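So the structure is just underneath, and the comments pick up after that.
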Amino acid sequence: KPRLLEDEDGGVIFLSSSYSSSSSGYGYVSIEKQRQRLPVYKYRTAILYLVESHATTIVVGETGSGKTTQIPQFLKEAGWADGGRVIACTQPRRLAVQAVASRVAEEMGVKLGEEVGYTIRFEDISNPDLTRIKFLTDGVLLREMMEDPLLTKYSVIMVDEAHERSISTDIVLGLLKKIQKRRPELRLIISSATIEAKSMSNFFLSSKRRQALEGEELRPGLEPAILSLEGRGFNVQIYYVEDPVRDYVQAAVSTVLLINDKEPPGDILVFLTGQDDIDAAIKLLTEEARSNGKNSSGLIILPLYSGLTRAEQDLIFSPTPKGKRKVVISTNIAETSLTLEGIVYVVDSGFSKQRFYNPISDIENLVVAPISKASARQRAGRAGRLRPGKCYRLYTEEYFLNEMSVQGIPEIQRSNLVSCVIQLKALGIDNILGFDWPASPSPESMIRALEVLYSLGVLDDDAKLTSPVGFQVAEIPLEPMIAKMILSSNELGCSDEIITIAAVLSIQSIWFSAWGAQKELDEAKLRFAAAEGDHVTFLNIYKGFLRSGKSSKWCHKNFINYHAMKKVMEIREQLKRIALRLGIVLKSCETDMQLVRKAVTAGFFANACRLEAYSHGGMYKTIRGSQEVYIHPSSVLFRVNPKCVIYHSLVSTDRQYMRNVISIDPSWLTEVAPHFYQQQRHNPTIH
Ligand code: ADP
Ligand code: MG
């Protein structure tokens, strides 16, 4: 019999339905006891035996079973890090790398950055002489292959969160399979939260079969071992909304308040999609909790998304004080990458931000899109760690059963492949279409990527990296278009400015998210706004920040995120070092912003758009693919609508919006990318 839960304000009505079982106890205990209680602990001997005897071991186990934090420690205890060797563990997400590394350092009682360290882009907290267990993003591992193609310092590489099928994970897996042939002593562990690992096993199996066919002698242990950890989740009761919700942020907030009113203590985890809707939800929740008074003072409301400071991360993991209830509002990072201990209630919006790429229009954007059933199950599972929990799905049961896809699509099949192709080329993989992928990308996307790289001057007629540009672009740890922009700025004499712009573009936003203070934020923006566009506006902000003596007060006054600015300074320093290594001399163009715009064009010509109509808020079309796009309201060029612009990225909601926009002169396009703009297929004029 479905139970009804009603919200007096008429917001959300849920229907219930049952879900998984199995249970065991949990309470407050010492770190050592906590370790022993994790499901993975029982499998210590089995894991060590399998790793010893198999080149590849696949470990499947529910989130929170201890895979990430424990397996590297088991390996270290068993001697895999002796003799100066290192155990690596990769994660798709930067925040997960930081959080997990600091947890493991704490468990081992060592200082983070010494025996246990981590590396993410622009942040290396490891020590080549001391670090024995190293956490890193799969993207960083790819970079390390450029220096050391066989990854010789690692004895075991654990590719974690393989079910996420991030683009870098897939590339890393393909490359590790190659490395294994040259380094039979290397051990791989592929770990995953779901049974998806089966296809992973087939991927490694197929190589065995192929070798068998080629008559190569089969070494024992070449076939991957699969170990499945027994789960320990408690029963989770699932509730569905009766009717589809129109606004999932509002619905999520109502649901949290409803839980807070009616349900016994226990923390709440809410899944939304990104910083924008998370901040909106926090604002709304804070207001509504305040206005409806009763019982809501006990809420501790915390965001969880990438780019949080260490202090903010610590709050998320710290135990909830007695009499309080934590509400963590998260992106899908809390789906499998991080486990929060006290969660009893999960609110699932049913959406996440996903990358989508259309090779026909050559457009990639971030879209708020429905999650898969596999994700929905993972999210619900987060509620059952402590004791029987509840999951409130903000979609109907009918939708879940009949419309949600079973699995997500691997990122490599929905991404622009420009970065991927250049990295493989830099690693000497020339036949990219013939590369052994866990999931093959589409040939159209490949061809598009090759074409853009050719136009950027990165690849030559034989699709080999050009010298020096191609090699230099590959060496800069940023997307190729930004790297090319930096190289061009050297010729144009504005590298000082462009490096600042590149640093700003590589973080999410330098603005302080100001829900409810939109007007003040807009006014603050106007103080820095440059007629040329957002990139030049960033330069004004950067100058202002320096002039203020890097003051946090100044940031606060101007609605600028102080932590983001500090990060910009750090990244800028690192880019400066990389630039110097590449022989780029830092030079300022002073006030000549035309040079800056030209440098941006040299990198991002593929993102050029022309204004089609002033009506409807300024409709643009991409010059190459004739796709309809609009300037994002957060841009300083919103409503200004210059004739011809270049965007940095697209986000899509009701329309395709261009974020970070700069105005350009269309004649520059044929100048910097004649190949790209002269052999027009759809749209030959660019005036
Ligand atoms: P899995 O990788 O199988 O999902 P983990 O190894 O990440 O599991 O987590 C094992 C345990 O360690 C969980 O109980 C989790 O709450 C705890 N844990 C992991 N990271 C942290 C952290 N940064 N702070 C506190 N506890 C953590
Ligand atoms: Mg994990």
Rounded D (µm²/s) - the range 551-592, Kirkwood Rh over Cα pairs, Stokes-Einstein at 37 °C, 0.692 mPa s: 270
Ranked by how many other beta carbons lie within 10 Å on average, peptides 636-642, 247-253, 286-292 from highest: 247-253, 636-642, 286-292
Reachable aspartates and glutamates, given that their alpha-carbon falls under 13 Å from the alpha-carbon of Lys484 and they are not under 8 places away in the same chain: Glu475
Under 5 Å, built H, 5+ apart or other chain: amide partners of Ser352: Ala369, Ile371
The range 370-498: proportion of alpha-carbon pairs further apart than 20 angstrom, %: 59
Measure of compaction for the range 58-100 (Cα Rg per 2.2 N^0.38 Å): 1.26
Local electrostatic count at Lys464 - Lys and Arg +1, Asp and Glu -1, tallied over other residues with Cβ under 14 Å: -3
Sorted by Cβ neighbour density within 10 Å, fewest at the top, the residues Val600, Val504: Val504, Val600
Under the Karplus curve 6.51 cos²θ - 1.76 cosθ + 1.60, θ = phi - 60°, whole-Hz ³J(HN,Hα) for the range 410-420, x wherever Gly or Pro sits: x, 4, 5, 8, 9, 10, 5, 9, 4, 5, 4
Alpha-carbon centroid distance for the pair the range 536-590 / the range 96-153, whole angstrom: 27
The chain: translational diffusion in µm²/s, Stokes-Einstein, Kirkwood Rh over Cα pairs, 4 °C, 1.567 mPa s: 48
Set of lysines with alpha-carbon distance to Lys178 below 19 Å, sequence-local pairs under 8 removed: Lys153, Lys208, Lys425
Rotationally averaged projected area of the range 281-397 (alpha carbon convex hull; nm²): 9.7
Highest-first arrangement of 85-97, 408-420, where packing means the average Cβ count within 10 Å: 85-97, 408-420
Using distinct alpha-carbon pairs, which all enter the 1/r mean, Kirkwood radius of the range 482-581 in Å: 14.1
Partners for Lys390 among lysines (Cα-Cα distance below 26 Å; same-chain residues under 8 apart left out): Lys1, Lys67, Lys262, Lys283, Lys294, Lys322, Lys324, Lys326, Lys353, Lys373
Compactness index (Cα Rg / 2.2 N^0.38 Å), the range 455-508: 1.16
Long-range HN-HN contacts of Val59 with modeled amide H, under 5 Å: Ile190, Ser191, Ser192, Leu227
Exposure proxy ranking, count of Cβ atoms within 10 Å, fewest first, for Ile179, Ile501: Ile179, Ile501
Quotient of Cα Rg and 2.2 N^0.38 Å for the range 226-322, N being how many residues it contains: 1.25
Cα-Cα pairs of the range 343-432 separated by more than 24 Å (percent): 41
Backbone HN-Hα couplings from phi across the range 96-101 [Karplus 6.51/-1.76/1.60, Hz, Gly and Pro as x]: 5, 4, 4, 5, 5, 4
Overall Cα dimensions of the range 423-533 - principal axes, largest extent first, Å: 54, 37, 20
For Cys89, residues with placed amide H under 5 Å, excluding near neighbours: Lys134, Phe135, Leu136, Met158
Expected 222 nm ellipticity per residue - DSSP helices of 4 or more, -39500 (n - 2.57), all of the chain, to 500: -12000 deg cm²/dmol
Order of Ile482, Ile268 - criterion: other Cβ atoms within 10 Å of each residue's Cβ, fewest first: Ile482, Ile268
Part-to-part distance (alpha-carbon centres) for the range 600-675 and the range 223-258, which is given in Å: 39
Segments 65-71, 442-448, 654-660 sorted - mean Cβ within 10 Å per residue, highest first: 65-71, 654-660, 442-448
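Each reported figure results from applying straightforward, stated rules to the coordinates on display, with no laboratory input. For clarity, every value in this text was computed on a predicted model and none was experimentally measured. Glycine also receives a Cβ, built like all others from the backbone with ideal geometry; neighbour counts cover every protein chain displayed.
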